[in-house]
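J.: Here it is, the structure, as structure tokens.
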Amino acid sequence: MRIAIIDLGTNTFNLFISEILPGNCFKEIHNSKTSVKLGEGGINKNHIQALPFERGINAIKKFKEVIDEYRVNKILAFATSAIRSADNCNDFILTVKKSTNIDVQIISGEKEAELIYYGVKSAVTLNDSYSLILDIGGGSTEFIIGNKNGIYWKHSFLLGVARLLEIFNPSDPIKEEEKKVIEDHIENNLGPLFSILNSPQNPVAINELIGSSGSFDSLAEIIAFKYYTPSILIGKTEYTFNLNEYEAVYSDILKSTSKERLAMKGLIRMRVDMIVISAIFVNYIIQRLKLKTMRLSRYSLKEGALWEVMHSPSK
């Protein structure tokens with residue numbers, strides 16, 4: 001069976017087509033993404049503005065052409081933060097249905113976190129010890145504490161980089177005092193995470209961060225170009241960061257202008273503005289929790305959705 005998974009993110013729409021094989025395995029047929037910036041100008045107003053609305057519909061129309069070309073048996077489309085929080089979300093979903101006959105499911109932040117965990121579990125080697133999984137999106141950011149046996153805790157925070165960028169609109173390059181304000185905002189909004197980690201009843205010790213999705217992909221790509229070769233990431237579903245290399249790249253990002261970031265090898269255009277806040281977020285978590293290891297998961301929500309389909313009794 002061929003299945004198409006569409007992840008309608010706040011910044012990026014993703015299309016993942018795969019063929020399910022015997023033994024709960026899959027073969028990737030197609031994997032692409034397009035920058036939509038659905039939250040542009042409206043993410044903190046809970047509204048999809050006219051131009052992002054049009055960009056989103058056009059992107060899904062193009063996805064549908066690819067899906068038809070590959071003769072897919074089943075389509076699953078998931079809407080996340082920008083759509084689920086928008087006052088005109090129903091208009092968007094109805095327009096998608098009318099234009100492409102695709103049914104879009106709005107999923108909660110908790111469900112999003114669950115699918116991210118399944119994706120990460122499919123990509124990286126987890127064991128009995130617990131890892132902190134972080135997926136920095138455009139509209140929301142998901143934290144999951146889990147191991148190979150399952151999820152211990154999960155939460156979705158309205159701390160996506162598109163939201164933060166629109167709220168703080170930092171200078172170019174960012175100033176130290178602006179960085180501090182953003183860190184304070186993150187600190188003040190992560191109470192549930194710190195509560196669970198600091199609880200006397202909590203048996204979980206966290207030493208590792210696993211990052212999934214675009215921000216961590218970008219950091220790994222920049223490091224690969226700067227210190228190695230991009231080929232070190234090809235064909236891999238996980239990557240272990242050297243934290244000294246990461247810290248050097250983090251410093252480069254904070255000192256850079258958007259023009260300089262545009263010239264950074266490994267950083268795609270759509271992430272030039274948002275990588276600064278993403279890097280601040282990642283570095284803050286590493287320092288705040290005194291983490292010793294950081295890994296990248298190449299899989300996230302869409303692969304997690306496929307995992308759920310493959311392990312469903314009714315597939």
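J.: Any idea what the dipole of region 175-315 comes to, in debye rounded to 20, about its Cα centre with Lys/Arg Cβ at +1 and Asp/Glu Cβ at -1? Provide the component values of the computation, followed by the final result.
T.: Values: 18 positive and 17 negative charges, 67 e Å.
It comes to approximately 320 debye.
J.: Express the carbon and sulfur contribution to the solvent-accessible surface of region 89-186 as a percent, rounded to the nearest whole number, probe 1.4 angstrom. Before the final figure, lay out each step's value.
T.: Working: 1950 of 4150 Å².
C and S fraction of accessible area: 47 percent.
J.: Who wins for biggest fluctuation among S300, S251, S35 in a Gaussian network model of the chain, springs between alpha carbons below 10 Å?
T.: S251
J.: Compute and list, largest first, the equivalent-ellipsoid semi-axes of the chain from the alpha carbon gyration tensor, each √(5λ) rounded to a whole angstrom.
T.: Numbers: eigenvalues 164, 114, 80 Å².
In descending order the semi-axes read 29, 24, 20 Å.
J.: Can I ask one more? Considering only protein heavy atoms, what per residue accessible area in square angstrom results for the chain with a 1.4 angstrom probe? Spell out each step's value before the answer.
T.: Numbers: 14040 Å² over 315 residues.
The answer is 45 Å² per residue.
J.: Same structure again: Work from the charge dipole of the chain (Cβ charges, +1 for Lys and Arg, -1 for Asp and Glu, about the Cα centre) and give the residue of G235, A59, V72 farthest towards its positive end.
T.: Farthest towards the positive end: V72.
J.: Then there is this: Let me know the shape class of region 9-159, please: from the alpha-carbon gyration tensor, a ≥ b ≥ c as square roots of the eigenvalues, rounded when a/c is under 1.5, otherwise prolate if a/b is greater than b/c, or oblate.
T.: Cα axes put region 9-159 in the oblate bin.
J.: Can you pull the accessible area of F168 for me, 1.4 Å probe, Å² to the nearest 10?
T.: Roughly 50 Å² of F168 is accessible to a 1.4 Å probe.
J.: How much of the accessible area of region 25-70, in percent, comes from carbon and sulfur atoms when a 1.4 Å probe is used? Walk me through the numbers on the way to the answer.
T.: On the way: 1250 of 2580 Å².
Reported share for carbon and sulfur atoms: 48 percent.
J.: Just name one of F225, S140, S312: the one whose Cα is farthest towards the positive end of the charge dipole of the chain (beta-carbon charges, Lys/Arg +1, Asp/Glu -1).
T.: Farthest towards the positive pole: S312.
J.: So which trypsin sites (Lys or Arg not before Pro) in region 1-98 pass both tests, a DSSP loop state and at most 12 other Cβ atoms within 10 Å of the Cβ?
T.: On the way: sites: R2, K27, K33, K37, K45, R55, K61, K62, K64, R71, K74, R84, K97, K98; in loops: K37, R71.
Listed in order of number, the matching sites are R71.
J.: Oh, and also: Leaving ligands and nucleic acids out of the surface, order L21, L8 by accessible area at 1.4 Å, largest first. Please report the intermediate quantities before stating the final value.
T.: Values: L21 65, L8 5 Å².
Solvent-accessible surface, decreasing: L21, L8.
J.: Something else about it: Over the chain, calculate the relative contact order: mean separation of alpha carbon pairs under 8 Å at least 6 apart, over the residue count, as a percent.
T.: For the chain, the relative contact order is 19 percent.
J.: Would you mind pulling out the separation of the Cα centroids of region 24-97 and region 264-297, in Å?
T.: 25
J.: Just the number, please: percent antiparallel of the DSSP beta bridges in the chain, rounded to the nearest 5.
T.: Details: 33 of 51 bridges.
Antiparallel bridges make up about 65 percent of those DSSP assigns within the chain.
J.: About the Cα centre of region 190-264, what is the dipole size in debye to 20, counting +1 per Lys and Arg Cβ and -1 per Asp and Glu Cβ, all else neutral? Don't jump to the answer; show the numbers that get you there.
T.: On the way: 5 positive and 8 negative charges, 35 e Å.
Dipole size: approximately 160 debye.
J.: Give me the net charge for the shell around N31: Cβ to Cβ below 13 angstrom, other residues only, Lys and Arg +1, Asp and Glu -1.
T.: Values: positive: K27, K33, R298, K302; negative: D7, E19, E28, D217, E303.
In short, -1.
J.: Please check: in the Gaussian network model of the chain (C-alpha springs, under 10 Å), which one of D128, D87, D172 has the largest mean-square fluctuation.
T.: D128
J.: Near K74, which aspartates and glutamates are there with a Cα under 18 Å away, not counting those fewer than 8 places off in the same chain?
T.: Straight-distance partners of K74: D7, E19, E28, E65, D103, E303, E308.
J.: So for the chain, taking the charge dipole from beta-carbon charges (+1 Lys/Arg, -1 Asp/Glu), which of V249, I186, L126 sits furthest toward the positive end?
T.: Working it through, the farthest residue towards the positive pole turns out to be L126.
J.: If you don't mind, another one. Taking all pairs of different Cα atoms in region 121-226, averaging 1/r and flipping that mean, what Kirkwood radius in angstroms comes out? All intermediate terms of the calculation are to be shown ahead of the outcome.
T.: Values: mean 1/r = 0.0646 Å⁻¹.
For region 121-226, the Kirkwood estimate is 15.5 Å.
J.: Hey, in the GNM for the chain with a 10 angstrom Cα cutoff, which one of A123, A263, A224 fluctuates hardest?
T.: With Cα springs under 10 Å in the chain, the top fluctuation among A123, A263, A224 is at A263.
J.: Given the pairs K236/K302; K62/K121; K64/K98; K154/K265; K111/K290, which span a C-alpha to C-alpha distance of over 22 angstrom in this model? If you can, show how the numbers build up before the last one.
T.: Numbers: K236/K302 17 Å; K62/K121 30 Å; K64/K98 12 Å; K154/K265 34 Å; K111/K290 28 Å.
Cα-Cα > 22 Å for K62/K121; K154/K265; K111/K290; rest within.
J.: In debye, nearest 20, what is the charge dipole magnitude of the chain about its Cα centre with +1 on Lys and Arg Cβ and -1 on Asp and Glu Cβ, if you could check?
T.: For the chain, the charge dipole is close to 600 debye.
The values are calculated or read from the model by the stated rules, or taken from the named source; none is laboratory data. A quick note: this is a predicted structure, and the numbers were derived from the prediction, not measured. Positions of Cβ are backbone-derived with ideal geometry, glycine not excepted, and every protein chain shown enters the neighbour counts. Just the protein is used for accessible areas: all its heavy atoms, side chains included, with ligands, DNA and RNA removed. Shrake-Rupley method; radii C 1.70, N 1.55, O 1.52, S 1.80 Å.
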